[in-house]
Amino acid sequence: EKDTIPQKKIVTKYQPMEQLLHEIYVQAGMTKREPVGVQVATHGKVIGVVSPECHEMQELFSVMHAVNLGREQKVLYFNFLEFSGFRELTTEYFWNCVYEMSGISVILPFENPENIRQIGRQEWEQFIDFMEQNTDFEVLVVDFGVSMPELADCMSRCDELLLIGREGYFYECRDKHFYEWLEKTGHQAVAEKIHKVNVPYTTKNIHGGGNV
């Protein structure tokens, strides 16, 4: 559903993926690729970020990674984290479902985390296909929440996976459980794409106002 505000629009509730993609396309004014003969559309790189440890720095790491990539490439950042707090971390008040920030494009997180439960493998693949066929983004950076339905299947579509963690036996146990789950569910190929990144920092000194 969509609430109308003077000269502004906001996607406020879950809607079918096809309708949401249409809103993203129209509101962002994305450039559609023109077909050239029978050439297949260029495949943009999909980078997934996940943290079985629920590392508090996952979101900030992903955003900074996207911004760094955005210095040389056209990047879209998508946040699937529950209660991400993303809107409160910036100085801008968001209305459009696609927002330009620090040289990258951002699809804003769901305000209602239950809406994430509506997105599974089919919707995710539809979204990736749409982006590849209708936009000129070169990189898509995705923050995955661990409770996302069909998580392993969604991660399988990624070209690269970054696992955000910490050093220490307790954290290693959680990561090991994650890898075992992937293997038991037949997603060994997903596990082989993962690169672990130990992030020792904490978010306790992060404040609102865009100091991220």
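The values are calculated or read from the model by the stated rules, or taken from the named source; none is laboratory data. Everything numeric here is computed off the predicted structure, so don't read it as measured data. Glycine also receives a Cβ, built like all others from the backbone with ideal geometry; neighbour counts cover every protein chain displayed. Accessible surface areas use protein heavy atoms only, side chains included; no ligands, DNA or RNA. Shrake-Rupley method; radii C 1.70, N 1.55, O 1.52, S 1.80 Å.
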(message) Against the conditions (1) at pLDDT 85 or above; (2) assigned to a helix (DSSP H, G or I), where does residue 116 fall short? Just the number, please.
(response) (1)
(request) Could you check how many residues of region 143-190 are closer than 22 Å to residue 57 by Cα, assigned to a helix (DSSP H, G or I) and open to solvent by less than 60 Å² (accessible area, probe 1.4 Å)? (result) 7
(message) I'm checking my understanding of the structure. Among residues of region 128-142 that are at pLDDT below 85 and open to solvent by less than 30 Å² (accessible area, probe 1.4 Å), which one is nearest to the chain's Cα centre (by Cα)?
(response) 131
(request) Residue by residue through region 48-70, note down the ones that are part of a helix (DSSP H, G or I) and of a type in the set (D, E, K, R). (result) 59
(message) Pairs needed: first member in region 115-137, within 18 Å of residue 105 (Cβ to Cβ); second member anywhere, hydroxyl-bearing (Ser, Thr, Tyr) and not in a helix (DSSP H, G or I); C-beta distance under 6 Å; at least 6 residues apart or different chains.
(response) 136/31
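Can you tell me how many residues in region 71-107 are assigned to a loop (DSSP other than H, G, I, E, B), modelled with pLDDT of 70 or more and either open to solvent by 20 Å² or more (accessible area, probe 1.4 Å) or polar (S, T, N, Q) (or both)?
Of all residues in region 71-107, those assigned to a loop (DSSP other than H, G, I, E, B) come to 71-74, 80-86, 90-97, 102-103.
Pick out the ones that are also modelled with pLDDT of 70 or more and you get 71-74, 80-81, 102-103.
Those left that are additionally either open to solvent by 20 Å² or more (accessible area, probe 1.4 Å) or polar (S, T, N, Q) (or both): 71-74, 81, 102-103.
Residues in region 71-107 being assigned to a loop (DSSP other than H, G, I, E, B), modelled with pLDDT of 70 or more and either open to solvent by 20 Å² or more (accessible area, probe 1.4 Å) or polar (S, T, N, Q) (or both): 7 in total.
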